[in-house]
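Colleague: The structure that follows is given in the form of structure tokens.
The values are calculated or read from the model by the stated rules, or taken from the named source; none is laboratory data. All values derive from a computational prediction rather than experimental measurement. Please note: Cβ atoms are built from the backbone with ideal geometry, for glycine as well, and neighbour counts cover all protein chains shown. With ligands, DNA and RNA removed, areas are computed over all heavy atoms of the protein, side chains included. Shrake-Rupley method; radii C 1.70, N 1.55, O 1.52, S 1.80 Å.
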Amino acid sequence: MSSKLRSLNDWVEQVAAHTRAANVQWCDGSQAENDRLIELMLESGDLERLNPETHPNCYIHRSDPNDVARVEHLTFVCTEREEDAGPNNNWMAPGEARALMSGLFAGCMEGRTLYVVPYCMGPIDSPLSRCGVEITDSPYVVANMRLMTRMGADALERIEREGRFVKGLHSTGDLDPDRRYIMHFPEELSIQSFGSGYGGNALLGKKCHALRIASYQARSEGWLAEHMLIVGIENPQGEVRYVAGAFPSACGKTNLAMLIPPETYREAGWKVWTVGDDICWLHPGEDGRLWAINPESGFFGVAPGTSESTNPNALAMLDRDAIFTNVAVTDDNQPWWEGLDDRVPARDWRGRGFDPRRGPAAHPNSRFTVPIKRCPSYSEQAESPDGVPIDAILFGGRRATLAPLVLEASDWNHGVLLGAGMASETTAAATGQVGVVRRDPMAMKPFCGYNFGDYWAHWLAVGDKLSRPPKIFQVNWFRRNGDGRFIWPGFTDNMRVLEWVLARCRGEVDARQTAVGALPEVGDINLEGLDAVPDMEALLAVDPEAWRDELEAVAGYLSEFGGRVPETLKEMLASVQKRLAR
Ligand code: GTP
Ligand code: SPV
Ligand code: MN
């Protein structure tokens, strides 16, 4: 097989020659093709079959122990001019990066099959969707791309029609961390990734295309590519309102996207619908609202912490047709991770007999891959070519102190400041230290394909186009008390915050105005049915002294972006600082 599209054929031929691939296989996304790949991976040991009685059609993949998370220090944005990548990215001159990668790719597929994977990010018939082709030598990548994107014949047909696609080239190489790079060339819409087989480093449709390249494309086309979940909330009157939320990696997007409301809410008739859990493309509509699509069609979710009590919807979809990466297994070969239940696993994520002295059984960044349609709360609107209209945007971080449970921006521009000033404790989703507070504007620090200064200006410009902009809120599920415990119960109970958010959107409840934004009155968060009443005073407190320091830190951070920071943002910051002044 090959394609009718000359530019695609030429590229595949040239890569096949350069990498000296033994075979070239064009992927059509069919069941038969997937079955053959699974067989192949079972033979090679890339996959092991999990218990077919409890988990039919489920497999476990164990990564190289040096290859278990995104590698931000090896991820580059290669624009012609360094300042266009900005201080938020690692930069390398495109010529230098191409030469380096060409050396690594030379002959790297000798004896291996080169897979050509055409995919569409977003509903196949949506004008808001964008396509790409990933060339990879990893059958694991092919199988995951099939679960997470619209991959195969239909995507290829659209690519041939449009003649335009993002070029992604990937090889696992020899998994040597010293020969590992994730390179982005936004100006030519291409990606080159070498030396990793893990998640965001290797499944190029996800972070590399749908965020880094797409954010760059979105800027020139007038839309936004964001690290956000999309959720529909149906009230007892049967009206569904959509909320998008940006939380840094491993800070709660998947969980919020498939939340099941507390019992009292369910009895009253509230329901929650899942549209997306990680990436959201936002387009200003002719009606002056912001419309969202989920470019993905599957989840690559964090396993640890997922349980019947925290996320029953996720658990329900993980009992068949799923690929697990770096989880532990029980003695009867069922997948297991910390927080699932109180069984003791037999083997750890590396396949060794479990020994608690060696650390957790499942890797903290172990994951599951599963099609979105398997989710019990799946929203049919995920297939809507127009997307869904967004009423509220949440910016959430993992902050033990300072940030209240919820805070409402006074308008879009103030919301952009709240997003730009976001900070969060780092997690196991990327290699490096865990639990350190770092600035992570709009949860996009690792994913924005251009200078953050220009990005904030673009956010402001998109706001100017909206006559009915979503309201913007900052949330924090992760406040801790003196004993280090979370104050807010989180998970299902986050519904209580969503209810207040939607009531604000409809002008149904007043708020307490403070210098930094509007907060609920303590009695306005519905706590009905909670066994233990959390310390709401602490969760909704605004400490002016601490906020003065915070805004000082935000000002310092913004100044790193120099003249690229929009004046409007600086003025907004100055006016909040003035309100806070003694
Ligand atoms: P990425 O896939 O890396 O982008 O992560 P994510 O933002 O989708 O995070 P996810 O929902 O997978 O949650 C990550 C971790 O945070 C899991 O261990 C969850 O159990 C935990 N978590 C999620 N929501 C809450 C919450 O409301 N409260 C608390 N305490 N923990 C939460
Ligand atoms: C994240 O780190 O935000 C993820 C997982 O969603 S990965 O696909 O590895 O980027
Ligand atoms: Mn993510």
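Colleague: Ranked from the most accessible area to the least, with a 1.4 Å probe and all protein chains present, what is the order of D46, D331?
Modeller: Ranked list, largest accessible area first: D331, D46.
Colleague: In whole Å, what are the extents of the range 242-282 along the principal axes defined by its C-alpha atoms, from largest to smallest?
Modeller: 32, 21, 10
Colleague: Near K4, which lysines are there with a Cα under 25 Å away, not counting those fewer than 8 places off in the same chain?
Modeller: K167
Colleague: Something else about it: Sort W349, W459, W291 from largest to smallest accessible area, using a 1.4 Å probe on the heavy atoms of the protein chains.
Modeller: The most accessible residue leads, giving W291, W349, W459.
Colleague: Nearest 0.05, what FRET efficiency do V437 and E263 give at R0 = 41 Å with Cβ-Cβ as r?
Modeller: Computed FRET efficiency for V437 and E263: 0.70.
Colleague: With a 1.4 Å probe and all protein chains left in place, how much accessible area per residue does the chain have, in Å²?
Modeller: Ligands and nucleic acids excluded, the result is 37 Å² per residue.
Colleague: Follow-up question, since we're still on this one. If eta is 0.890 mPa s and T is 25 °C, what Stokes-Einstein diffusion coefficient results for the range 309-440, Kirkwood Rh from Cα pairs, in µm²/s? Intermediate results must be reported in sequence, preceding the final value.
Modeller: Details: Rh = 18.3 Å.
Calculated translational D: 134 µm²/s.
Colleague: Mind listing the phi-derived Karplus ³J(HN,Hα) values for the range 557-568, rounded to whole Hz, using 6.51, -1.76 and 1.60 with θ = phi - 60°, and x for any glycine or proline?
Modeller: 5, 4, 5, 4, 9, x, x, 7, 6, x, 4, 4
Colleague: Considering amide H positions built from the backbone, and no H for Pro or chain starts, which residues 5 or more places from L340, or on another chain, come under 5 Å of its amide H?
Modeller: The list, which skips near neighbours in sequence, is G305.
Colleague: Which percent of the Cα-Cα distances in the range 1-145 go past 23 Å? Please list the in-between numbers first.
Modeller: Numbers: 5575 of 10440 pairs.
Cα-Cα pairs in the range 1-145 separated by more than 23 Å: 53 percent.
Colleague: Given the protein chains as shown and a 1.4 Å probe, how many square angstrom of H73 are accessible, to the nearest 10?
Modeller: Number for this one is 120 Å².
Colleague: Turning to a different aspect of this structure: What nm value, rounded to one decimal, do you get for the distance between V509 and D355 when each label is placed 7 Å out toward the C-beta?
Modeller: That separation, rounded to one decimal, is 5.2 nm.
Colleague: If you take the beta carbon distance between E221 and V344 as r and set R0 to 41 Å, what does 1/(1 + (r/R0)^6) give as a FRET efficiency, to the nearest 0.05? Display every interim value, and only then the final one.
Modeller: Numbers: r = 52 Å, r/R0 = 1.28.
Calculated value: 0.20.
Colleague: Going by a ≥ b ≥ c, the root eigenvalues of the Cα gyration tensor, does the range 180-255 fall in the rounded group (a/c under 1.5), the prolate group (a/b larger than b/c) or the oblate group?
Modeller: oblate
Colleague: Still on this structure, I have one more. How large is ³J(HN,Hα), in whole Hz, for each residue of the range 425-441 in order, when computed from phi with the Karplus curve 6.51 cos²θ - 1.76 cosθ + 1.60 and θ = phi - 60°, using x for Gly and Pro?
Modeller: Working through the residues one at a time gives 6, 5, 10, 6, 5, 10, 5, x, 5, 9, x, 9, 6, 9, 5, 9, x Hz.
Colleague: Taking the range 123-262 as the region of interest, what is the percent of Cα-Cα pairs per 10 angstrom bin, listed from the shortest bin to the one with the maximum distance?
Modeller: Binned Cα distances yield the sequence 11, 34, 35, 16, 4, 0.
Colleague: How do R6, R579 stack up against each other in accessible area, from largest to smallest, with a 1.4 angstrom probe?
Modeller: R6, R579
Colleague: What shape does the range 352-393 take by its C-alpha gyration tensor, where a ≥ b ≥ c are the square roots of the eigenvalues and a/c under 1.5 counts as rounded, a/b above b/c as prolate, and the rest as oblate?
Modeller: Because a/c hits 1.5 or more and a/b exceeds b/c, the range 352-393 counts as prolate.
Colleague: Residue by residue through the range 370-383, which ³J(HN,Hα) values in whole Hz follow from phi under the Karplus form 6.51 cos²θ - 1.76 cosθ + 1.60 (θ = phi - 60°), with glycine and proline marked x?
Modeller: 7, x, 4, 5, 6, 6, x, 9, 3, 9, 4, 5, 5, 9
Colleague: Right, next: Using only the Cα atoms, work out Rg/Rh for the chain, with Rh taken as the Kirkwood radius, to two decimals.
Modeller: Working: Rg = 23.2 Å, Rh = 24.3 Å.
Rg divided by Rh gives 0.95.
Colleague: Gap in Å between the Cα centre of the range 551-578 and the Cα centre of the range 489-511?
Modeller: Taking the Cα centre of the range 551-578 as reference, the centre of the range 489-511 is 29 Å away.
Colleague: Under the rule of -39500 (n - 2.57) per DSSP H run of 4 or more residues, summed and divided by the residues of the chain, what mean residue ellipticity at 222 nm is obtained, to the nearest 500 deg cm²/dmol?
Modeller: -8000 deg cm²/dmol
Colleague: Would you please name the trypsin sites (Lys or Arg not before Pro) within the range 160-223 that are DSSP coil residues with at most 15 other C-beta atoms within 10 Å of their C-beta?
Modeller: Counting only loop positions with at most 15 other Cβ atoms within 10 Å, the trypsin sites (Lys or Arg not before Pro) in the range 160-223 are R164.
Colleague: Going by Cα centres, the range 122-163 and the range 409-446 are how many Å apart?
Modeller: For the range 122-163 versus the range 409-446, the Cα centre distance is 30 Å.
Colleague: Moving on. For the chain, which whole percent of the accessible surface, found with a 1.4 angstrom probe, sits on carbon and sulfur atoms?
Modeller: Here it works out to 47 percent.
Colleague: Enumerate the amide H contacts of D176 below 5 Å, restricted to partners 5 or more residues apart or on another chain; note that Pro and chain-start residues carry no placed amide H.
Modeller: none
Colleague: Now for a separate question. Kirkwood-based Rg over Rh for the range 140-220 (C-alpha set), two decimals? Provide the component values of the computation, followed by the final result.
Modeller: Details: Rg = 13.1 Å, Rh = 13.3 Å.
The Rg/Rh ratio comes out at 0.98.
Colleague: Sort the following peptides by mean Cβ neighbour count (other Cβ atoms within 10 Å, averaged over residues), highest first: 57-69, 551-563, 396-408.
Modeller: 396-408, 57-69, 551-563
Colleague: Compute and list, largest first, the equivalent-ellipsoid semi-axes of the range 261-322 from the alpha carbon gyration tensor, each √(5λ) rounded to a whole angstrom.
Modeller: 27, 20, 9
Colleague: Once you have the Kirkwood Rh of the range 133-184 from its Cα pairs, apply Stokes-Einstein at 20 °C and 1.002 mPa s and quote D in µm²/s.
Modeller: 169
Colleague: Which shape class applies to the range 479-582: rounded if a/c is under 1.5, otherwise prolate when a/b exceeds b/c and oblate if not, where a ≥ b ≥ c are the square roots of the Cα gyration tensor eigenvalues?
Modeller: In terms of gyration-tensor shape, prolate.
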